[in-house]
Amino acid sequence: MINTHVASASIDIQRCRLYNAERIMIIFAIETSCDETAVAIMRNGRETLSSELFSQADMHALYGGVVPEIASRNHAAVIGRLSELALKNAGISKRDIDAVAVTCAPGLIGALLVGVNFAKGLALSLDVPLIPVHHIRGHIAANYIAYPELEPPFLCTIVSGGNTLIADVREYTDIAILGRSRDDAAGECFDKVARVLGLGYPGGPALDKLAQDGDDTLFDLPHPVIDGFPYDMSFSGLKTAIINIVHNAEQKSETLEIPSLAASFARTTSEILVPRVMAAARELRYDKIALAGGVAANSRIRADFLKAAEEEKSTLFIPPLNLCGDNAAMIGCQGYYEYLAGARGNMDLDAFATMDADKSFDMAFAAVTGELDGKYN
Ligand code: KG4
């Protein structure tokens, strides 16, 4: 019968106690969920020994967005060399690795599979535990690296290219989703608007830069409300409204005030996000609020959160720009806490294109291994 990851957990928990006593654990972490190949080496969760990143953004910019097959091929081509570099820059050898953490969901399935299979091979060859990590939980953990004093519970909003969520981080591995975008993620909206404006991919940074010179009151854009779900959001109407403004101007050969459109768009996104997050924090009586994900790099959104947090006398945690976007340090950090909580992968480990951040991997693995057991045991 095929072993499930649960079967090996008791042995690994013993290792974990040993590591706790010695207070040293080196995690080799891999992130390949989208178009960034990333490898990091973390010590005891929060200390980054090395963090290497190969961004494929330029290659995908040619197509106006991420091409999944190109992303997977590039991951396969560079992950080996990037791993060697991470070891070299950390000043350690493979024998020093105590566990391998890898993003297995959510993301582009082919891209995730490159990282998952590389991680399996490494863990198998070194005979060390394999730790499955949820990408969104990794984004939250970027805050632990930036702020050594930060501990759950706190409220976190994750605003990335694929997700827009408000999460109650009750414990390192106990997360409840309070609100989410019902349609497009905020980052997806930035990228699509930028594409229509011919600003290239990824669109967020270019729109952010343009917005600095714009009048944010020039365009009145929609703020959708979802009845009965005060923390849920919608961004597709906002995206369509902007695309219509651009197309109308083109049809009428009118010149658009692009910086003001970018500034109005950033203001509207912020007005959708910030009040919901602050209301959720008030309801849960949290005075610690963290931001995560690529869109947390947006200057307007950062400034509005800072202002709102100051008014509410809350402490705001915003990771530095290099930790906002995809990286492997955040995966190694969250991997450490998942490890301590007993999460283990084995050679059945699979990747999942979608999975909620509040679900444990156990359920998904059970479904996959259950099917395999029926066929091959
Ligand atoms: O977290 P991330 O690197 O990847 C995902 O996990 O999705 O986020 C990427 C997203 C892209 O949509 C990109 O356009 C957006 O973050 N982004 C920004 C900014 N920098 C990156 N959006 C708005 N303003 C920015 N300064």
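Given Ser93, Ser83, which one is more than 26 Å from Pro320 (Cβ to Cβ) and among the polar types (S, T, N, Q)?
Ser93
Examine the range 40-60 for a residue that is part of a helix (DSSP H, G or I), within 12 Å of the ligand (Cβ to nearest atom) and within 18 Å of Gly293 (Cβ to Cβ), and state whether such a residue exists.
yes
With respect to the numbered conditions (1) more than 14 Å from the ligand (Cβ to nearest atom); (2) of a type in the set (A, V, I, L, M, F, W, C); (3) under 26 Å from the mean Cα position of the chain (by Cα), which one is the sole condition not fulfilled by Ile258?
Among (1) more than 14 Å from the ligand (Cβ to nearest atom); (2) of a type in the set (A, V, I, L, M, F, W, C); (3) under 26 Å from the mean Cα position of the chain (by Cα), the lone unmet condition for Ile258 is (3).
Being away from the ligand (no atom under 16 Å from the Cβ) and in contact with a His (Cβ under 9 Å, 6 or more places away or on another chain): is that true of Ile70 here?
Spelling it out, Ile70 is indeed away from the ligand (no atom under 16 Å from the Cβ) and in contact with a His (Cβ under 9 Å, 6 or more places away or on another chain).
Which one is nearest to the ligand (Cβ to nearest atom) among residues in the range 151-205 that are in contact with a strand residue (DSSP E or B) (Cβ under 6 Å, 6 or more places away or on another chain) and hydroxyl-bearing (Ser, Thr, Tyr)?
For the range 151-205, the residue satisfying everything is Thr164.
Would you be able to tell me the number of residues in the range 278-308 that are over 18 Å from Ala142 (Cβ atoms) and away from the ligand (no atom under 16 Å from the Cβ)?
12
Name the pairs whose Cβ atoms lie under 8 Å apart, with the first residue in the range 33-59 and on the phi > 0 side of the Ramachandran plot and modelled with pLDDT of 95 or more, the second away from the ligand (no atom under 14 Å from the Cβ) and in a strand (DSSP E or B), and 6 or more positions between them or separate chains?
Final answer for the pair search is Gly45/Ile27.
Return a yes/no flag: does the range 314-327 have any residue that is more than 16 Å from the ligand (Cβ to nearest atom), assigned to a helix (DSSP H, G or I) and in contact with a strand residue (DSSP E or B) (Cβ under 6 Å, 6 or more places away or on another chain).
No.
If we scan the range 202-220, do we find a residue that is farther than 19 Å from Gly294 by Cβ, aliphatic (A, V, I, L, M) and at pLDDT 95 or above?
yes
List every residue pair whose Cβ atoms lie under 6 Å apart, where the two residues are 6 or more positions apart in sequence or sit on different chains, the first residue falls within the range 182-196 and is over 18 Å from Asp35 (Cα atoms) and in contact (Cβ under 8 Å) with a residue 24 or more places away in the chain, and the second residue, located anywhere, is β-branched (Val, Ile, Thr) and buried (at least 21 other Cβ atoms within 10 Å of the Cβ).
Val193/Ile242
Does Ala280 satisfy being in contact with a strand residue (DSSP E or B) (Cβ under 6 Å, 6 or more places away or on another chain), in a helix (DSSP H, G or I) and in contact (Cβ under 8 Å) with a residue 24 or more places away in the chain?
yes
With the requirement that a residue be β-branched (Val, Ile, Thr) and surrounded by fewer than 20 Cβ atoms within 10 Å (Cβ to Cβ), what does the range 49-85 give you?
The answer is Val67, Ile70, Val78.
Give the residue, chosen from Val274, Val225, Val246, Val295, that is among the β-branched types (Val, Ile, Thr), touching a residue at least 40 places away in the same chain (Cβ under 8 Å) and closer than 27 Å to Asp168 by Cα.
Val295 is the lone residue from the list that is among the β-branched types (Val, Ile, Thr), touching a residue at least 40 places away in the same chain (Cβ under 8 Å) and closer than 27 Å to Asp168 by Cα.
Exactly one of (1) modelled with pLDDT under 95; (2) crowded, with 18+ Cβ neighbours inside 10 Å; (3) not hydroxyl-bearing (Ser, Thr, Tyr) is unmet by Phe28. Its number?
If we test Phe28 against (1) modelled with pLDDT under 95; (2) crowded, with 18+ Cβ neighbours inside 10 Å; (3) not hydroxyl-bearing (Ser, Thr, Tyr), just (1) comes out false.
Has the range 86-107 got any residue that is within 12 Å of the ligand (Cβ to nearest atom), closer than 30 Å to Gly198 by Cα and buried (at least 19 other Cβ atoms within 10 Å of the Cβ)?
Yes: the range 86-107 contains one or more residues that are within 12 Å of the ligand (Cβ to nearest atom), closer than 30 Å to Gly198 by Cα and buried (at least 19 other Cβ atoms within 10 Å of the Cβ).
Is the range 135-150 home to any residue that is in contact (Cβ under 8 Å) with a residue 40 or more places away in the chain, more than 16 Å from the ligand (Cβ to nearest atom) and assigned to a strand (DSSP E or B)?
Within the range 135-150 (the criterion being in contact (Cβ under 8 Å) with a residue 40 or more places away in the chain, more than 16 Å from the ligand (Cβ to nearest atom) and assigned to a strand (DSSP E or B)), the answer is no, since none of the residues qualifies.
What do you reckon, is Ala176 out of contact with any helix residue (DSSP H, G or I) (no Cβ under 9 Å at 6 or more places or on another chain), touching a residue at least 24 places away in the same chain (Cβ under 8 Å), among the small types (Gly, Ala, Ser) and farther than 17 Å from Val39 by Cα?
yes
Given the conditions (1) over 20 Å from the mean Cα position of the chain (by Cα); (2) in a loop (DSSP other than H, G, I, E, B); (3) modelled with pLDDT under 85, and given that Met347 satisfies all but one, which numbered condition is not satisfied?
All conditions pass for Met347, except number (3).
Would you be able to tell me the number of residues in the range 60-73 that are within 18 Å of the chain's Cα centre (by Cα) and in contact (Cβ under 8 Å) with a residue 60 or more places away in the chain?
2
The values are calculated or read from the model by the stated rules, or taken from the named source; none is laboratory data. Just so you know, these numbers come straight off a predicted model, no measurement behind them. So basically every Cβ, Gly included, is an ideal-geometry build from the backbone, and we count neighbours across all protein chains shown.
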